[in-house]
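Participant: One structure, pasted below without further comment.
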Amino acid sequence: SPYVHHLASTLLYSIFVPILTTANQLQKKASAMVNSRLEAEEQEEILPLETSPEDDHGSPLSRPPEDEPSVRSNSSSGNRNPFTRLRGGIFHRLRFLCRNLSLSEISGSFGDLGTFIPLFVALGRQRAIYVTPALFFAGLTNAITGFFWDVPMPVQPMKSISALAISGGLNRDEVTAAGIWMGIFMVSAGVTNGIEFVNRIVPASVVAGVQLGVGLSLAIHGIQMVAELPFWSAPDCVLLAIVAGIVTIYSVQQQDNSTSSATSRRLVPAIGLSLLVTALVLAVIKMFGNDTVESWSWDPIVELAIPGISKSDWMGGLLEGAIPQLPLTTLNSVISVCALAHTLFPEKRHGAPSTRDNANHGEDTDESLDAVLSRREVAFSVGIFNLLACPFGAMPTCHGAGGLAGQHKFGARHGSSI
């Protein structure tokens, strides 16, 4: 009812405004602490064009990326407060993101839609999520992620919870409860430093195996979806998928080949945008070519989800949703994504030996000093997003190594793409 929607909006405002106010105050304090250092670094902020670092494939497409002072400087282990990433203030970060916005960044921003859209649509069809709030909060959390971290690390639906909900194993209230439980677990892992304990006891081979397993499972699921289409008798067909796959693989290989010409490297942004335009055209054709399409409707972007959750829903969300999801989120959404970012963005490292390398040699350290992304930060990010957003209709989300790899392959190098 309108009263409930108004109440939900009021509660959301009353919760998020104090949080954002506190965050702004902390950001101002952090900016004041590094102000003297920032003034010295701003004198050399704009590097000469001929000496500016290109991306890791040497692509001449985008102008050389501009690194923030916090990226170029060597940070100590204590300087991992996320608000110190906003050195110079919010407007300084916005200018930085705008300067690095390019065709490659735009193309890379679509690299994760192959994971997000199928899961989101399937959950919506199953009535397992609040569709409009799920989209709104997914966009909001992506924007916050890209703003704080200069890494193309998107937000994705939680795979295990999604798979169980799509198969009918979890209803909408249980999905919401599972997301809240995951928020509690991940915030606890970040605050107590439990995520570092998990990182020490899990071998690096297991992390690589999780990356490979998730990638293969998504690829198999995509092939199964393509196999359900007609071979060539419709616009959306198997033949079109085969051609798109071949062209995409060829363009990505040309990007990875250091001897490729500049024209060949331009294929990557062109292919990424072409795939998106093709998908939009096919969606419009199917939508308006179906006489049973319902009329447009307006839904609230916030839904109060907690009042409808029963005790059995809380237990089902915990036992069937959160607990099976916890290992996958811990490994793939935190440890694995941090390890992948460390590999893909060596220029963003802080210049000290990593924890995993030290741990493998028997040394006991609290946190990776040179990590592009801190595991505690990422764990806290996953937890706080779910803990604050799921009660208002968001679907359970997390970061993922697959999304980071997909966006990087299609050209994303900065938070601008997110």
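The values are calculated or read from the model by the stated rules, or taken from the named source; none is laboratory data. Since the structure is predicted, the reported quantities are computational estimates derived from the model, not experimental observations. Cβ: placed from backbone, ideal geometry, glycine included. Neighbour counts: every protein chain shown. Please note that ligands, DNA and RNA were not included when accessible areas were found on the heavy atoms of the full protein model with its side chains. Shrake-Rupley method; radii C 1.70, N 1.55, O 1.52, S 1.80 Å.
Participant: Determine the equivalent ellipsoid of region 105-159 by diagonalising the alpha-carbon gyration tensor, then write out the semi-axes as square roots of 5 times the eigenvalues, largest first, rounded to whole Å.
Facilitator: On the way: eigenvalues 94, 33, 13 Å².
So the equivalent ellipsoid measures 22, 13, 8 Å along its semi-axes.
Participant: Can you compute the modelled spin-label distance between Glu228 and Glu347, with each label point 7 Å from Cα toward Cβ, in nm?
Facilitator: 4.2
Participant: Right, next: Subtract the Cα-Cα distance of Leu319 and Phe91 from 0.36 nm times their separation in residues, and report this length gain in nm to one decimal. Kindly include the intermediate steps, with their values, before the conclusion.
Facilitator: Values: separation 228, 0.36 × 228 = 82.08 nm, distance 4.41 nm.
The span from Leu319 to Phe91 would gain 77.7 nm if fully extended.
Participant: List the residues whose amide H sits under 5 Å from the amide H of Cys398, counting only those 5 or more places along or on another chain, with H placed 1.01 Å from N in the peptide plane.
Facilitator: Under 5 Å from the amide H of Cys398 lie the amide H atoms of Gln156, Met158, each far enough along the sequence or on another chain.
Participant: At 10 °C and 1.306 mPa s, grab the translational diffusion coefficient of region 187-238 from Stokes-Einstein with a Kirkwood Rh over Cα pairs, rounded to a whole number in µm² per second. It would help to have the intermediate numbers written out before the result.
Facilitator: Numbers: Rh = 14.3 Å.
Translational diffusion coefficient: 111 µm²/s.
Participant: Tell me, what is the per residue accessible area of region 112-160 in Å², probe radius 1.4 Å? Don't jump to the answer; show the numbers that get you there.
Facilitator: Numbers: 1720 Å² over 49 residues.
The answer is 35 Å² per residue.
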